[in-house]
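Here's the structure we're looking at; comments come further down.
The values are calculated or read from the model by the stated rules, or taken from the named source; none is laboratory data. Bear in mind the structure is a predicted one, so any value in this text is a computation, not a measurement. Cβ placement follows ideal geometry from the backbone for every residue including glycine, while neighbour counts extend to all protein chains displayed. Surface accessibility is based on the protein's heavy atoms, side chains included, excluding ligands, DNA and RNA. Shrake-Rupley method; radii C 1.70, N 1.55, O 1.52, S 1.80 Å.
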Amino acid sequence: MNVVISGLAVVSPFGLGTGPFAAGWRAARPAVSPGEAPPVARLPELTGDDFTPNRRVRLKERSSALAVGTVGALLAAYDLGDVPAARRGVVLGSALASLDSYLAVSGGSLAGAKPHFIDHNLMPPGIMNYTSSQAAIRFDLRGPNVTVTSGRATGLTALGCARRLVAAGRADAVLAGAFEAISPRRLRLETAADRAPALTGEGCCVFLVETAESAERAGRRVLATPLALTAGYFPEPDEGRAALHRVVTRALRQAGVTAGDVATVVRGAAAPGRYADDETAVLADVLPGVRVLDPATRVGDTYGASAAFGVAAALVEADTEPSAGVTLVTSIDPDGQVACAVLAPGSRVPIPVG
Amino acid sequence: MGPVSPPIPEAALTSPRVLHTNGKNWSDDPTGRVVVTGFGVISSIGSGRAEFLAGLQEGRCGAKPISKWDATGFPHDHACEVTDFDPASVLERLDPKGSGQVAALAAAASRMAVREAGLDPAAVRDEAGLIAVGTTCGQSLDLDALAEVELREPDAVPPGDLARLLQPGRLATAAAAELDLRDVETLTIPTACAAGNYAISYGVDAIRAGDAEYAICGGADSVNRMAFAGFVRMGAMAHERCRPFDRERDGTMWGEGAAMLVLESLDHARRRGAPILAEVLGLHLNCDADHPTAPVRERVAECMAGALADAGVDAAELDVIFAHATGTRASDPMEVGAIRDVFGERPPPPVVGVKSMIGHTMGAVGAHTAIAALLAMQHRFLPPTVNFREPDPDCQVDCVPNVARPAAVRTALVNSLGFGGNNATLVLRGPGEAGPHPEARGAEA
């Protein structure tokens, strides 16, 4: 069974929607918010908890608002009327998930006159499946509803999970993606963990995943076909390079492609640091001379959404360079997750702009 | 570590008709049939196979005042914490102090699971594997520690050792580190209180798809300030005991623990001569898409019916239903109603609520309950619903009140429902005789 990506919605520091992302990506310039230190790339039109690309989303957790808004943008751009509600699934994730709401409740309990005198509206957002379930509630998505988290690799994990749900017949269409928001606490924690990137970013990418047959029936263009998705783990920092090497070579083998078939790699390590160096070394070894693109230099480092931005960038690239070959997306996280996707380009019709 | 169970005759695992929703008949394909070959369990009523089994058979209740953090000031303070188990006692590689407390539980349960399954991680290091850990609150105890740091110094940069522990993905990576695995996909599945069943489902599909040769799946959670304060605030927390189906039930009770299962294809299990505890015959995942906290009976019934269809099992074949049975006022009657919707005019089998014993272990509870089902199959008994005093006309089921009951258990259904309307149901089949339900059934209904 051929499972494909047939839809894309993005909110990024380039703007709310796939159009601004594609335009910003092609312009290849960094989206830096003015006057902030450390450097950040924020969503320009997302203020507070509001998100209004198509319909108003007001949620207590900023990351949830931007993710549910992106799901709404996808559904506005693609008519899923052919798919019954019970057959529409959701797979969403981020690296830090409900961190800020969790701490608002836990901290509120510590600081309040009584430990249970908390804002009970903050509790649901403090549970990590809040975003996925809110997407289901707002858009009547009654199929499997999965929340996943695997650090920087979360976007590829979500894509793999969606692909399997469709292949197993558990859903006909799955909205899969990853998100991360900028918050003061995230910046503090990244500094504390010695993981502060050169430019911190935020955003969300959601993909529509279905069978090729289903896409064709509905007249939805295939944007890309995941030929392979591999994942691995390394327990010690000095094993990161070997672990990434293994998932990249395994992905190529599983996809049945050679290094010569690969036109572009969208890389995912946070820079600067040893893992960015590892990624550079692995790509130079396995795919010498290949064109390497780095979303973090344009939308900033989006942490749990970084691999999803890798896929989104690959889709835009395939759209820009129709004759281009296979695209690789790689990811490596200091916590030990490594992952790789091999994407074959889709058919030649412009991506609907949502 | 408990004794390794005897292998089950393969004939006992043969299902007469296993048709899945995607049309593939897995029963003819040993690589597509997924079996459980071991488990590790940490709970307030006992950790490890022998103690957890004894806890279920004796109907122990893990409720006691919270001791791991200061619950002073709450109107009531009971939960089912694990107070007699140290992860360090089973961990071989992972330093529990450096991993985060919930991650250490997940890793310890994973270690116990591979031991019981006779699965030497070194022997499968070159095979593609999967570790999926369900959770509701992730590294909750460390997040609570951060909340205390922030209370003292709101905008200060916290200690690096703490900042590096907080990612929920670490529940799965800690298990991979403990087992010294490399070619393994690791992910945490924070699908709230349905997460344990979601993690098992993820493993089943990964094995069937050929993406993993083996999968170590389940869940882990600790009783934490966020979830406790939130539920006390909502009036959904039991004061002293969790009493599913009881007329005077007053809420659920958080529990702590971890439960991890080793899943592999029947073919893989046979090749290495593994003990086969049960087969995951079918599953269903759906979402109410309605209300964050009020479950929808129709969707829950659809989830159970979907799992039965996926398993190719008629409802009449079920020997027991392990209900979600949180013990809250609204949820128990809703679930009983959904069960009746599935069974129609026919009487359902006994409906057990293990949360009365182990507490609501959140993202682990689906996996804890699946393990209870495996033990019920192997040791031929129905675990009880303890703390039961008086039937509720709105919850008329045989809940096996207070005392475990001898019974042949071959086919079991496990419900797991979560915040946000997430539902996940598993159908498990173990060894044993097919046929009529145990005679005792219905006596107390």
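Per-structure values
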| read-out | value |
| --- | --- |
| Most fluctuating residue given options B:Gly366, B:Gly118, B:Gly353, as computed from a GNM of chain B linking Cα atoms under 10 Å | B:Gly118 |
| Estimated 222 nm signal from helices in the protein assembly as shown, with DSSP H stretches of n ≥ 4 weighted -39500 (n - 2.57), rounded to 500 | -10000 deg cm²/dmol |
| For region B:378-387, 3J(HN,Hα) per residue [Karplus equation, 6.51 cos²θ - 1.76 cosθ + 1.60, θ = phi - 60°, Hz, x = Gly/Pro] | 6, 9, 6, 8, 9, x, x, 9, 8, 6 |
| Pairwise label distance in nanometres, A:Thr297 with B:Glu390, each label 7 Å out on the Cα-Cβ vector | 7.3 nm |
| Cα-based reach from B:Lys355 at 21 Å (exclusive), listing lysines while leaving out same-chain residues under 8 positions away | B:Lys64, B:Lys68 |
| Cα-based equivalent ellipsoid of region B:200-266: semi-axis lengths in Å, sorted from largest, via gyration tensor | 35, 14, 10 |
| A:Ile332 - accessible surface, heavy atoms, 1.4 Å probe, Å² rounded to 10 | 0 Å² |
| Long-range amide H partners of B:Glu185 with built H, under 5 Å | B:Gly129, B:Leu130, B:Ile131 |
| Under the Karplus curve 6.51 cos²θ - 1.76 cosθ + 1.60, θ = phi - 60°, whole-Hz ³J(HN,Hα) for region B:419-426, x wherever Gly or Pro sits | 2, x, x, 7, 10, 8, 10, 10 |
| GNM flexibility winner over chain B from B:Ala269, B:Ala238, B:Ala209 (Cα, springs under 10 Å) | B:Ala209 |
| Distant alpha-carbon pairs in region B:34-271 (separation over 21 angstrom), percent | 57 percent |
| Rounded to 5, percent antiparallel among DSSP beta bridges of the protein assembly as shown | 65 percent |
| Scaled radius of gyration (Cα, divided by 2.2 N^0.38 Å) that region A:225-345 gives | 0.95 |
| Chain B: most fluctuating residue of B:Met112, B:Met334, B:Met362 per GNM, C-alpha cutoff 10 Å | B:Met334 |
| Inter-part distance where region B:177-224 and region A:130-187 are each reduced to a Cα centre, Å | 16 Å |
| Computed over chain A, the ratio Rg/Rh where both radii use C-alpha atoms and Rh is Kirkwood | 0.96 |
| Peptides ranked, highest mean first, by Cβ atoms within 10 Å: ranges B:418-427, B:187-196 | B:187-196, B:418-427 |
| At 0.890 mPa s and 25 °C, Stokes diffusion of region B:281-429 via Kirkwood alpha-carbon radius, µm² per second | 164 µm²/s |
| Dimensions (Å) - the protein assembly as shown, Cα atoms, principal axes, largest first | 73, 63, 50 |
| Peptide-level mean, for A:183-194, of C-beta atoms on other protein chains within 10 Å | 5 |
| Cα Rg over Rh - region B:33-72, Kirkwood | 1.17 |
| 5 angstrom amide H check on A:Gly7, placed H, neighbours 5+ away | A:Leu208, A:Leu223 |
| 5 angstrom amide H check on B:Ala278, placed H, neighbours 5+ away | B:Val36 |
| Estimated FRET transfer efficiency (B:Asp95, A:Thr191; beta-carbon r; R0 30 Å; 0.05) | 0.80 |
